[in-house]
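The values are calculated or read from the model by the stated rules, or taken from the named source; none is laboratory data. These numbers were taken from a predicted model, which means no experiment stands behind them. Don't worry about glycine lacking a Cβ; one is built from the backbone with ideal geometry, like all the others, and counts go over all protein chains shown.
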């Protein structure tokens with residue numbers, strides 16, 4: 001099986017997947033990195049999905065695994081997503097699917113869909129002017145978090161509990177013609193729960209940061225073993241399903257009264273810290289899952305048998 005990994009060729013995660021394939025799968029699965037920046041698309045009367053990157057045709061691979069969504073111009077981002085959509089329409093397998101990436105990368109859209117599905121999320125107001133943002137700040141109790149709608153790993157996230165600083169931040173965002181995403185801060189004691197959803201399987205850890213309210217591992221958070229309750233696991237599974245993500249990282253915090261709240265769903269989740277905390281080879285689990293999905297995808301529609309070719 002050949003799997004194209006759309007992401008950084010120097011990524012630790014690509015190397016970890018290649019290690020798992022070599023050590024446990026007898027090289028029956030091969031991972032190859034392809035960049036988003038060199039995607040090309042051909043269209044002719046009888047075919048819509050003639051896609052390639054770095055002179056490698058997508059249809060030479062059994063699956064495309066999305067491991068990043070790099071920044072670019074509006075046209076570039078839309079083209080890349082549309083290319084994935086057309087590849088899927090031509091019968092290709094993309095994980096996570098193009099629609100999942102579109103939903104998860106947009107904090108406003110994903111949070112709105114979670115709320116629509118009656119899943120618990122923080123109270124949030126999204127606006128475009130400093131005046132509206134200040135009103136939102138006051139409505140949300142004067143202690144808020146502002147986030148870029150696009151982005152991850154805690155980049156650009158700021159907590160505001162001083163009105164004067166809030167005014168300056170909102171005015172700056174307005175001048176930059178940004179969308180202002182204002183979210184009620186939930187006091188969580190410097191910890192949250194990361195649930196890694198992989199199909200029907202889940203792997204969990206607590207992320208703790210005693211020096212910062214942001215728990216992201218990239219910002220100094222430390223992973224700890226955590227046994228999630230059935231309620232937390234079910235919330236994570238439902239959140240991943242709403243975002244249409246088969247592979248997802250769901251971040252959950254608890255309010256002071258113990259109520260779980262979903263902060264966001266990541267459709268390109270990392271697992272480096274999770275592997276160390278749980279002692280489980282997550283790269284191997286991901287590799288096995290991809291093999292199962294490729295096998296199922298290749299079967300006739302009336303076939304329900306799913307085997308694991310790497311076990």
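General observations
- The residues of the range 271-281 that are touching a helix residue (DSSP H, G or I) at 6+ places or on another chain (Cβ under 7 Å) and surrounded by fewer than 23 Cβ atoms within 10 Å (Cβ to Cβ), listed by number, are 272, 273, 274, 275, 281.
- Subset of the range 160-187 [closer than 20 Å to residue 211 by Cβ and either crowded, with 18+ Cβ neighbours inside 10 Å or within 22 Å of the chain's Cα centre (by Cα) (or both)]: 160, 185, 186
- Yes/no for residue 234 being exposed (fewer than 15 other Cβ atoms within 10 Å of the Cβ) and at pLDDT 95 or above: yes
- Check on residue 199, surrounded by 13 or more Cβ atoms within 10 Å (Cβ to Cβ) and at pLDDT 90 or above: yes
- Any chance residue 268 is surrounded by 22 or more Cβ atoms within 10 Å (Cβ to Cβ) and either in a strand (DSSP E or B) or touching a helix residue (DSSP H, G or I) at 6+ places or on another chain (Cβ under 8 Å) (or both): yes
- Among the residues of the range 78-118, those identified as more than 25 Å from residue 147 (Cα to Cα) and touching a strand residue (DSSP E or B) at 6+ places or on another chain (Cβ under 7 Å) are 83, 84, 86, 87, 88, 89, 90, 92, 93, 94, 95.
- Count of the range 104-118 residues which are surrounded by fewer than 21 Cβ atoms within 10 Å (Cβ to Cβ) and either at pLDDT below 95 or under 18 Å from the mean Cα position of the chain (by Cα) (or both): 7
- Count - residues of the range 276-301 that are closer than 30 Å to residue 150 by Cβ and free of Cβ contacts under 8 Å to residues at least 60 places away in the same chain: 1
- In the set (1) in contact with a strand residue (DSSP E or B) (Cβ under 8 Å, 6 or more places away or on another chain); (2) without any contact (Cβ under 8 Å) to a residue 40 or more places away in the chain, residue 8 fails one condition alone, (2).
- Residue check, residue 125 touching a residue at least 24 places away in the same chain (Cβ under 8 Å), under 30 Å from residue 254 (Cα atoms) and within 14 Å of the chain's Cα centre (by Cα): no
- Strands (runs of 3 or more DSSP E) contained in the range 1-99 and holding at least 3 residues on the phi > 0 side of the Ramachandran plot, more than 19 Å from the chain's Cα centre (by Cα) and surrounded by 15 or more Cβ atoms within 10 Å (Cβ to Cβ): none
- Looking only at residues in the range 39-48 that are at pLDDT below 90 and touching a strand residue (DSSP E or B) at 6+ places or on another chain (Cβ under 8 Å), the one that is farthest from residue 100 (Cα to Cα) is 44.
- Residue 221 meets the conditions (1) surrounded by 21 or more Cβ atoms within 10 Å (Cβ to Cβ); (2) at pLDDT 90 or above in every case but one. The failed one is (2).
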